[in-house]
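Below: the structure, in structure tokens.
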Amino acid sequence: MDIKLIPIGDTAVTLHFGSKINEKTGNRIQSFTSLLIQQSYSWLIEFVPAYTTVTIYYDPINLMEKGKSPFSYIKQTLQDLADKIKDESNTNARTIEIPVCYGEDYGPDLEHVATSNKLSKEQVIDLHSNSNYRVYMLGFTPGFPYIGGLDEALATPRKQTPASRIPEGSVGIAGHQTGIYPNESPGGWQIIGRTPLKLFKAVHKPPTLLQAGDRVRFRSITEQEFLALKEDER
């Protein structure tokens with residue numbers, strides 16, 4: 001498989017699997033990272049999948065006796081691994097259901113998203129909770145999932161002025177993406193609801209509820225269900 005490989009200093013390299021954010025590129029990245037996990041390379045420190053790339057962090061000292069420069073060895077090894085990728089759908093992906101209480105205090109920007117797209121609030125909830133989504137990467141804060149698959153009718157720009165405090169579990173829209181704030185933090189996404197689920201637990205392995213490649217479905221719940229599920233999460 002033809003990939004672009006760019007060194008990032010002397011301990012990391014970024015592999016580019018495509019130029020567009022789509023299912024095909026996502027499947028290639030998922031396939032590659034699955035192969036990478038199976039190899040148990042002693043020089044591998046960590047890898048970070050993103051929308052179209054995977055960045056590999058490696059220990060060059062561990063490669064000094066391979067007979068090549070560390071980068072030459074990494075380049076050849078990763079290219080050989082990429083050649084084993086199959087362009088197939090991610091049929092083994094997990095599907096995680098995320099309950100969401102939409103609107104009111106839980107989703108203060110629901111009306112803005114509705115009026116911006118000439119929809120009713122009910123239509124926004126219906127479209128958001130009836131799409132099939134894919135987690136493309138985690139970032140921004142620990143466990144924050146960047147989720148693709150948002151219905152085009154819901155695409156809304158970020159806020160011009162970010163809010164100083166977004167509550168934990170808030171579900172937002174930014175452009176053509178949707179995402180969930182695992183922890184309270186500043187943020188500029190349009191908040192349409194909140195989930196009672198905890199997306200990041202530092203003591204768990206892995207600490208994040210969602211992983212890159214997971215499928216996600218949102219389910220609309222009442223405030224009573226939210227409070228009951230929130231209690232279960234404590």
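The values are calculated or read from the model by the stated rules, or taken from the named source; none is laboratory data. Everything numeric here is computed off the predicted structure, so don't read it as measured data. Cβ placement follows ideal geometry from the backbone for every residue including glycine, while neighbour counts extend to all protein chains displayed. Heads up: the accessible areas ignore ligands, DNA and RNA and are worked out on the full protein's heavy atoms, side chains in. Shrake-Rupley method; radii C 1.70, N 1.55, O 1.52, S 1.80 Å.
For the chain, the fraction of C-alpha pairs more than 33 angstrom apart is 26%.
Working value for segment 1-68: equivalent-ellipsoid semi-axes of 23, 13, 10 Å, each the square root of 5 times a Cα gyration tensor eigenvalue, largest first.
Of all lysines in the structure, the ones whose alpha carbon falls short of 28 Å from that of residue 75, not counting any fewer than 8 places away in one chain, are 4, 20, 24, 66, 84, 86. Working from the Cα coordinates of segment 22-125, the gyration tensor eigenvalues give, after taking √(5λ), semi-axes of 43, 16, 13 Å in decreasing order.
For segment 188-201, the Karplus equation 6.51 cos²θ - 1.76 cosθ + 1.60, evaluated at θ = phi - 60°, returns couplings of x, 6, 7, 8, 10, x, 8, 9, x, 6, 8, 8, 9, 10 Hz by residue, with Gly and Pro reported as x. Probe radius 1.4 Å, ligands and nucleic acids ignored: give me the carbon and sulfur share of the accessible area of segment 45-131 as a rounded percent. Carbon and sulfur: 47 percent of the exposed surface of segment 45-131.
Highest mean packing first, where packing is the average number of other Cβ atoms within 10 Å per residue, the peptides 199-210, 110-121, 167-178 line up as 167-178, 110-121, 199-210. When the charge dipole of segment 12-94 is built from unit charges on Cβ atoms (+1 for Lys and Arg, -1 for Asp and Glu) and taken about the Cα centre, the candidate among 93, 44, 12 whose Cα reaches farthest toward its positive end is 93. For segment 63-221, the solvent-accessible area with a 1.4 angstrom probe is 50 square angstrom per residue. Within 9 Å, Cβ to Cβ, of residue 94, how many net charges do the neighbouring residues add up to if Lys/Arg are +1 and Asp/Glu are -1? For residues surrounding residue 94, the net value is 0. By DSSP, the beta bridges lying fully in segment 80-234 are antiparallel in about 80 percent of cases.
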